1. Straight distance only, please: which lysines reach the Cα of Lys221 with their own Cα at less than 22 Å, same-chain residues fewer than 8 apart left out?
2. Using only DSSP helix segments of four residues or longer, with each worth -39500 (n - 2.57), what per-residue ellipticity at 222 nm results for the chain after dividing by its residue count and rounding to 500?
3. Checking the cross-link filter: which lysines have an alpha carbon closer than 20 Å to that of Lys173, excluding same-chain neighbours under 8 positions apart?
4. Of the candidates Asp115, Asp164, Asp219, which one comes out as most mobile in a Gaussian network treatment of the chain with C-alpha springs shorter than 10 Å?
5. What residues of the range 114-134 lie in the reach of a label at Ala78, counting those whose backbone N is under 20 Å from a point 7 Å from the Cα along Cα→Cβ?
6. So what are the range 5-122's ellipsoid semi-axes, whole angstrom, largest first, if each one is the square root of 5 times an eigenvalue of the alpha-carbon gyration tensor?
7. Using the Cβ atoms and a cut-off under 11 Å, what net charge is assigned to the surroundings of Arg132, where Lys and Arg are +1 and Asp and Glu are -1?
8. Give the relative contact order (percent, whole number) for the chain; include only Cα pairs under 8 Å separated by 6+ residues.
Amino acid sequence: MIQLKDISKIYGKDGQQVRALDNANITIEKGEFVAIVGASGSGKSTMMNILGMLDRPTSGEYYLENKEISTLTDDELAKIRNKKIGFVFQKFHLLPKTTAIENVELPLIYSNRKDIRKLAVNALAKVGLSNRGKHRTNELSGGQQQRVAIARALVNEPEVILGDEPTGNLDSKSGLEVVEVFQELNRSGKTIILITHSGEVAEHANRIIRIHDGKITEDYKVEKPLDARTELAELKKVIN
């Protein structure tokens, strides 16, 4: 579904250049759950920006569904991005004085869709928040707010969900709940790309790509991914 060929991203001018990505090659198949892991400054955020079409590589080729898109205009990329990719960030970016369902509806406001409310309701149901739609965001926990953000990413029915440190601001239980949502979405057929610094979070994915100083150092399948649902059940036993 996605293929990066010899992708490099260089910031700065001659003499003061930073090579954030260095000839990266990645192929991501439809329906995979991939975790891209790296420390701060490793290049993983740059990788996310390029995968999400939020930035352009300095060199190399980006293929989406076998179509080379690196040379498309910004408007053309925006149309593809809005249709194909849903974003979930570390900071929830929810409007504070509006309800959960209104936040989920936001990406559809300027669309021609007539079923906006129904789509938002369905998206909240997919993240287990059917009973929280009328709650304002300041009435929700951090984990619930992140699940609203995931529902917002889902409402346009994208094929790919791209998460940038989505558990970074959450406690262990809330983080597991968010990871469980990603696993459920992946089981339903969504392609999940998770950017994280946490090796433990990454172990829930089916494939791990490690990046260091802009270079891909490892790329391997996870034989038996951790199951967030099971971990949550065990955690609840301890709490109770």
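Where a number appears in this text, it was derived from the coordinates with a stated rule and is not lab data. Only a predicted model underlies this, so the values are computations on that prediction, with no experimental measurement involved. For neighbour counting, all protein chains shown are included, and Cβ atoms are generated from backbone atoms with ideal geometry for every residue, glycine included.
1. Lys5, Lys30, Lys44, Lys190
2. Calculated at 222 nm, the ellipticity per residue is -10000 deg cm²/dmol.
3. Lys91, Lys126, Lys236, Lys237
4. Greatest mean-square fluctuation among the candidates belongs to Asp115.
5. No residue qualifies, since no backbone N sits under 20 Å from the label point.
6. Over the Cα atoms of the range 5-122, the semi-axes work out to 31, 18, 15 Å.
7. +2
8. 27 percent
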